[in-house]
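Novice: Here you go, one structure.
The values are calculated or read from the model by the stated rules, or taken from the named source; none is laboratory data. These numbers were taken from a predicted model, which means no experiment stands behind them. Neighbour counts run over all protein chains shown; Cβ positions are idealised from the backbone, glycine included. Calculation scope for accessible area: heavy atoms of the full protein, side chains included, ligands and nucleic acids excluded. Shrake-Rupley method; radii C 1.70, N 1.55, O 1.52, S 1.80 Å.
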Amino acid sequence: MADVEGVTLKREMSEWRARTDNSVAHSAPIVGGEGAARNSEAPSQPPAAPVMYTGFCHWRAGCDHRRPENSHGRSAAPPTSPSGGGAGAYYKAGPRKVQRRARQNRPHCHGGDFHLRKCNGAVVDNEVSEEIGMIWMLQYAAPDMETQDASEEARKLFEETYSTWMARKDLFQLFKAAQDKGEDLDRESKFLLDNKVREYRRSGHEVLGDAEIEEYVQKRLEIDSLREVYRRNIKQDNGGVWFTEEELDGVPPDKVSAWKKNTGEPATGRIFVPLSNGGTGVVTSNAKSAKTRKKMYLGDNAKLAINGPIFEQIVKRRYLQAKALGYKSHASFRLEVRAVNTREWLEPFLEKLQEGLGPLGREELDVLQRRRIQDIKQKGEFQDQQTQLSPLALPLLPEVDEDEVAAYFPLDHTAPAMLGVFSALLGLRFDRIPKDDLEPRLLWHDRVQVFSVWDGQDGDAPFVGHLYFDLLYRENKYRHNQCVTVEPGYLKPDGSRKYPSTILMCAFPPPTSTESTLLKHREVVTMFHELGHGIHDLLSKTRYIRFHGYRLPPDFGEMPSMMLEEWCWMQDVLESLSCHHTSLDPSSLQKWRSEHPGQPDPATKIPAHLVNMLIERRYASRASYHLHHLSISLFDLIVHGVSTDEKLASLDIQKLWYDLMEKIELLDFSACRDNGYANVSFGHLIAGYDVGYYSYLCCLTFAKDLFDNIFSDKPYDRGAWERYRRGILEYGGSHPELLLMLEEFLGHPPNTDALIEGLGRGKKR
């Protein structure tokens with residue numbers, strides 16, 4: 001975006017905000033600040049950065065991809081770049097368009113005469129959220145930083161405007177009058193109204209005076225600003241560790257070749273391993289040298305010290321905000337809007353996990369300790385055989401050859417093959433839309449693929465929505481894997497349905513002229529998980545955009561995709577997803593033959609012995625993995641559960657982190673305590689997962705119970721899948737009692753022991 005366009009955008013957004021603050025009186029779009037009921041707060045996969053799920057705008061009149069116009073369902077998509085009248089032109093018009101839409105649709109329901117089926121307030125909620133959605137999406141996928149910066153600026157504007165709406169006493173009185181009237185609403189409309197009233201109360205109404213509400217909202221914006229600085233520090237971190245080639249022995253050559261080498265003195269020939277984008281995990285999981293792994297681990301722990309005091313400020317301000325509203329702690333404030341909304345349920349659940357996982361984790365560490373001592377003896381090295389292992393001294397265990405497995409999962413085959421799995425499970429049809437049927441300027445990148453999705457295999461099947469594949473990394477793109485809602489579905493005022501669209505957005509390395517993009521098994525699992533969110537998004541049928549798809553509390557929203565991961569450990573599914581990359585390209589086969597003279601050509605599908613090895617290793621270190629999540633969950637609850645000024649003043653956050661790591665994970669972290677800042681190197685606790693990190697363990701437990709009781713004996717039963725679709729997926733987040741919904745579907749209360757029981761069975765196998 002040219003400088004003049006950037007200046008114009010900033011000026012027009014400021015003008016738009018000023019006008020909107022004085023004129024907009026409507027049901028606010030779902031973009032809240034700190035402590036608001038944010039429907040975008042559920043990240044997809046630990047321990048990656050959190051994800052914002054939002055809507056998609058209509059780029060021009062007549063370009064409506066909600067309604068199929070031909071056999072493919074012609075689809076509109078965002079432009080390729082902000083120049084030449086594409087996104088740049090939209091950004092200039094966007095704020096004015098939203099403001100105009102808001103003015104035209106302000107609520108006109110007086111004296112409590114508020115019928116959500118007809119009232120424009122709910123309509124505005126749907127339509128305005130849709131209008132601003134592309135701005136959110138472009139923060140992940142925009143091809144240049146200028147556009148991403150403009151997206152960030154727009155995001156701040158909307159959050160500030162949202163805060164002014166939440167401070168409006170007249171709007172609160174409108175919603176409260178409607179609630180008090182007790183009109184006979186359908187369940188989802190009543191839930192929406194109750195949510196609106198609760199949002200306003202959580203902004204101080206009925207608790208604080210007018211001036212105090214203004215102050216409360218302003219302080220929430222100040223916390224949002226701190227959160228943004230914290231996030232930016234993570235995003236822009238460019239630290240790393242220098243190694244020689246010898247020190248990196250054991251690290252996959254393709255990874256080493258991708259890292260930059262120093263050509264100047266004094267570190268000529270050394271290789272710079274970045275701490276971000278997976279560098280730490282690659283070295284600590286593959287380097288043969290224990291010294292190398294230790295050096296990398298310590299370097300990673302020491303990064304982002306700058307976030308330490310910022311996090312302390314956020315914790316303190318959250319505590320004060322909660323106290324101002326009469327809550328015991330920030331934890332009490334946040335749990336109120338979770339699926340698991342009481343400590344009476346949550347604390348016993350976590351205690352049972354600790355009791356069950358602890359002995360299993362100890363067994364895993366005993367195996368590692370024996371392996372470490374064996375390695376020491378073989379190398380003739382003397383080292384104190386301490387009884388408590390340090391994460392710096394963990395040995396490598398023999399694993400399945402990841403490269404051998406990855407050869408059977410080329411992205412070009414595996415990604416569309418996943419659609420075949422969902423077609424078999426749910427009866428959906430995915431038709432790829434040819435590029436010739438799409439306007440090139442309306443795709444944000446030439447590698448993006450678009451599918452129309454249909455509810456059945458025949459030509460008369462009902463239209464479901466659109467699915468986008470944006471799977472390869474490029475400069476400035478979000479570095480992790482996620483699903484992003486491009487256009488949420490909802491019921492329009494005329495009774496017709498707005499069809500959803502969703503993006504599977506990944507960051508796999510692009511293929512080269514001689515090499516395909518190959519997926520390790522864990523990457524196959526991750527992509528299937530994220531695609532599961534997309535399927536949830538497409539199949540959801542809600543009246544309001546607020547509840548669409550996976551817009552759920554985080555302690556429930558991950559359950560469907562976590563359950564789907566079970567299919568990635570089934571032999572027939574892995575076979576269907578596999579195809580040796582040499583089968584797709586004759587030149588690849590010739591190259592393989594030259595590198596493997598005298599050997600038979602590789603099998604087309606993944607061999608059974610490789611699948612069996614994957615399955616055998618599935619539970620090898622799983623208890624330790626869950627214990628790590630448990631320690632972070634407890635840290636989150638303790639830090640945000642502080643209930644008195646004295647406890648807040650004595651809180652040593654960094655010490656608490658490593659104390660819990662040692663207690664729960666049974667490892668010695670003494671080498672990290674002085675210069676370690678692992679507690680501020682990830683974004684979850686400042687981006688929606690505060691008092692929510694337990695969600696991973698909670699959702700995994702629910703998912704295991706669901707799989708064991710419904711699908712384990714009949715994973716392809718279409719009747720069971722149809723019931724699951726109608727009884728879980730279609731509700732999105734519109735059911736006011738999610739645990740009750742799950743109980744009704746299962747036929748029993750959720751089994752909180754399901755995770756431990758499943759892990760025990762898996763280890764015995």
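Novice: Mind listing the phi-derived Karplus ³J(HN,Hα) values for segment 275-292, rounded to whole Hz, using 6.51, -1.76 and 1.60 with θ = phi - 60°, and x for any glycine or proline?
Specialist: Computed from phi, the couplings for segment 275-292 are 6, 8, 6, x, x, 4, x, 5, 6, 5, 9, 10, 4, 6, 7, 5, 5, 5 Hz.
Novice: Follow-up question, since we're still on this one. Can you list the residues of segment 553-573 with backbone N under 19 Å from a point 7 Å past the Cα of R723, pointing along Cα to Cβ?
Specialist: 560, 563-564
Novice: Now, a different point. Could you work out what % of the accessible surface of segment 679-739 is carbon and sulfur, using a 1.4 angstrom probe and leaving DNA, RNA and ligands out of the count?
Specialist: Carbon and sulfur atoms account for 47 percent of the accessible area of segment 679-739.
Novice: Calculate the spin-label point distance for A258 paired with D186, positioning each point 7 Å from the Cα along the beta-carbon direction, and give it in nanometres.
Specialist: Taking the simple label geometry, D186 and A258 are separated by 4.7 nm.
Novice: Mind giving me the nanometre distance, one decimal, between the label points for E757 and A324, set 7 Å out from Cα along Cα→Cβ?
Specialist: In this crude spin-label approximation the distance works out to 4.7 nm.
Novice: Hey, another quick one. Among the listed pairs K294/K655; K255/K591; K328/K704; K291/K377, which have their C-alpha atoms separated by more than 24 angstrom in this model? If you can, show how the numbers build up before the last one.
Specialist: Details: K294/K655 21 Å; K255/K591 20 Å; K328/K704 33 Å; K291/K377 16 Å.
Table pairs above 24 Å Cα-Cα are K328/K704.
Novice: Quantify, in whole percent, the carbon and sulfur part of the accessible surface of segment 149-289 (1.4 Å probe; protein heavy atoms only).
Specialist: Ligands and nucleic acids excluded, carbon and sulfur give 48 percent.
Novice: Compute log10 of I(q)/I(0) for segment 633-765 with the Debye formula, placing one identical point scatterer on every Cα and leaving out solvent, at q = 0.15 Å⁻¹, to two decimals.
Specialist: -0.92
Novice: Along Cα→Cβ, 7 Å out, is where each label goes; now give me the distance between the ones at R765 and A608 in nm to one decimal.
Specialist: 1.6
Novice: Round to the nearest 10 and report in Å² the accessible area of D708, as given by a 1.4 Å probe over the protein chains' heavy atoms.
Specialist: 50
Novice: Still on this structure, I have one more. Any idea of K435's accessible area? Nearest 10 Å², probe 1.4 Å.
Specialist: 90
Novice: Leaving out ligands and nucleic acids, and using a 1.4 Å probe, what accessible area per residue does segment 581-739 come to in Å²?
Specialist: Working: 6560 Å² over 159 residues.
For segment 581-739, the solvent-accessible area averages 41 Å² per residue.
Novice: In terms of modelled amide H atoms, which long-range or inter-chain residues lie less than 5 Å from the amide H of G465?
Specialist: V453
Novice: Multiply the residue gap between D375 and A177 by 0.36 nm, knock off their C-alpha separation, and tell me the result in nm, one decimal place.
Specialist: 64.1 nm
Novice: Work out how much length K235 to A620 would gain on full extension: take 0.36 nm times their residue separation and subtract the Cα-Cα distance, in nm to one decimal.
Specialist: Fully extending the segment from K235 to A620 adds 135.4 nm.
Novice: Let me ask you something else. I'd like the carbon and sulfur percentage of the solvent accessible area for segment 526-659, probe radius 1.4 Å, heavy atoms only, ligands and nucleic acids excluded.
Specialist: That share works out to 54 percent.
Novice: Let's test the formula: R0 of 30 Å, r as the Cβ-Cβ distance of S594 and A417. What FRET efficiency results, to the nearest 0.05?
Specialist: Approximately 0.60, to the nearest 0.05.
Novice: Ignoring ligands and nucleic acids, what accessible area does K704 show with a 1.4 Å probe (Å², nearest 10)?
Specialist: 30
Novice: For I503, what charge total do you get from the other residues with a beta carbon under 13 Å from its beta carbon, if Lys and Arg give +1 and Asp and Glu give -1?
Specialist: Numbers: positive: R447, K477; negative: D470, E487, E530, D537.
Overall, the nearby charge balance is -2.
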